[in-house]
Amino acid sequence: DTEVTQTPKHLVMGMTNKKSLKCEQHMGHRAMYWYKQKAKKPPELMFVYSYEKLSINESVPSRFSPECPNSSLLNLHLHALQPEDSALYLCASSLYPEGGTNYGYTFGSGTRLTVV
Amino acid sequence: QKEVEQDPGPLSVPEGAIVSLNCTYSNSAFQYFMWYRQYSRKGPELLMYTYSSGNKEDGRFTAQVDKSSKYISLFIRDSQPSDSATYLCAMSQLVQGAQKLVFGQGTRLTINP
């Protein structure tokens, strides 16, 4: 299995809703990441989990709450989002957080989120 | 000044042409250099990554890194319409025990049959 699987593929939510995005990988990767990508822009880093611990938070608003229940699973909990949070949310993983000869991120296809 | 600069294009070339894509960077702490391809409404797909200065070849793709000039390139030979996509350069540095990846703006490439 060489994939990062993200669910759901599409999500429409109201500003008062609570929802969660899910990301799964079974490649034995020990680093997992959340990125946000707006239309015609590059992905922007949100969070990094190294060995199941949050190591980088790029000053993301608290309405986004990440969770790493185990080494294969990454969640992003969403609450009280704003319309400007509408974007493609990408999950990625890499073998070792610190890099190495097999370095390279594998990205999922993303969840396209629309906040209404 | 952005840490990573990439011409957003768009770039349009005929099928079979050699394509050259480039990025410059300002942060000497970058350790890994990557090129990703992203088709519309899909996640980025890793094409090439390098750690040191020099060339790396994989099929029709060649990646070059010149750390002294802070310049990286991707060459695509015998370009095909299926190569039409946005190409993103990316670089990473070690921050708080993890590699932090920074992307260029992406270049939108169209290969015309």
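The values are calculated or read from the model by the stated rules, or taken from the named source; none is laboratory data. Quick caveat, the model's predicted, so the values are computed rather than measured. Here Cβ is always computed from backbone atoms with ideal geometry, including for glycine, and neighbour counts include all displayed protein chains.
Within the range A:31-56, residues that are farther than 16 Å from B:Ser92 by Cβ and more than 8 Å from chain B (Cβ to nearest Cβ) sit with their Cβ atoms under 6 Å from residues that are of a type outside the set (Lys, Arg) and assigned to a loop (DSSP other than H, G, I, E, B), at 6+ positions apart or across chains, in these pairs: A:Gln37/A:Pro43; A:Glu52/A:Ser71. As a summary of the residue check, B:Tyr39 satisfies the conditions (1) over 16 Å from B:Arg108 (Cβ atoms); (2) exposed (fewer than 14 other Cβ atoms within 10 Å of the Cβ); (3) of a type in the set (Ser, Thr, Tyr); (4) within 14 Å of chain A (Cβ to nearest Cβ) except for the one numbered (1). Of all the criteria given as (1) in contact (Cβ under 8 Å) with a residue 60 or more places away in the chain; (2) within 22 Å of B:Gly9 (Cα to Cα); (3) hydrophobic (A, V, I, L, M, F, W, C), the one not satisfied by B:Leu74 is (1). All conditions in (1) within 8 Å of chain B (Cβ to nearest Cβ); (2) in a strand (DSSP E or B) hold for A:Ser93, with the sole exception of (1).
Taken together, the criteria place A:Pro83 among residues that are surrounded by fewer than 14 Cβ atoms within 10 Å (Cβ to Cβ), in contact (Cβ under 8 Å) with a residue 40 or more places away in the chain and more than 18 Å from B:Val102 (Cα to Cα). State all residues of the range A:20-30 that are touching a residue at least 60 places away in the same chain (Cβ under 8 Å) and surrounded by 13 or more Cβ atoms within 10 Å (Cβ to Cβ); if no residue qualifies, say none. Those that are touching a residue at least 60 places away in the same chain (Cβ under 8 Å) and surrounded by 13 or more Cβ atoms within 10 Å (Cβ to Cβ): A:Leu21, A:Cys23, A:Gln25, A:Met27, A:His29, A:Arg30. Comparison of B:Gln64, B:Gln93, B:Gln105 shows that the only residue that is over 22 Å from A:Lys36 (Cα atoms) and touching a strand residue (DSSP E or B) at 6+ places or on another chain (Cβ under 7 Å) is B:Gln64. Here is a check on your reading of the model: is B:Leu101 of a type in the set (A, V, I, L, M), surrounded by 15 or more Cβ atoms within 10 Å (Cβ to Cβ), facing another protein chain (nearest Cβ under 10 Å) and outside any loop (DSSP other than H, G, I, E, B)? Against the criterion (of a type in the set (A, V, I, L, M), surrounded by 15 or more Cβ atoms within 10 Å (Cβ to Cβ), facing another protein chain (nearest Cβ under 10 Å) and outside any loop (DSSP other than H, G, I, E, B)), B:Leu101 qualifies. Being over 30 Å from A:Lys53 (Cβ atoms) and surrounded by 14 or more Cβ atoms within 10 Å (Cβ to Cβ) is a description that does not apply to B:Phe33. Scanning the range A:60-74 for residues that are at the interface with another protein chain (Cβ under 8 Å from one of its Cβ atoms), buried (at least 22 other Cβ atoms within 10 Å of the Cβ) and within 24 Å of B:Tyr39 (Cβ to Cβ) turns up nothing. Taking the numbered list (1) over 14 Å from the mean Cα position of the chain (by Cα); (2) at pLDDT 95 or above; (3) buried (at least 19 other Cβ atoms within 10 Å of the Cβ) in turn, A:Thr114 passes all entries but (3). Among the residues in the range A:23-32, are any more than 11 Å from the chain's Cα centre (by Cα) and among the acidic types (Asp, Glu)? Among the residues of the range A:23-32, not one is more than 11 Å from the chain's Cα centre (by Cα) and among the acidic types (Asp, Glu), which makes the answer no.
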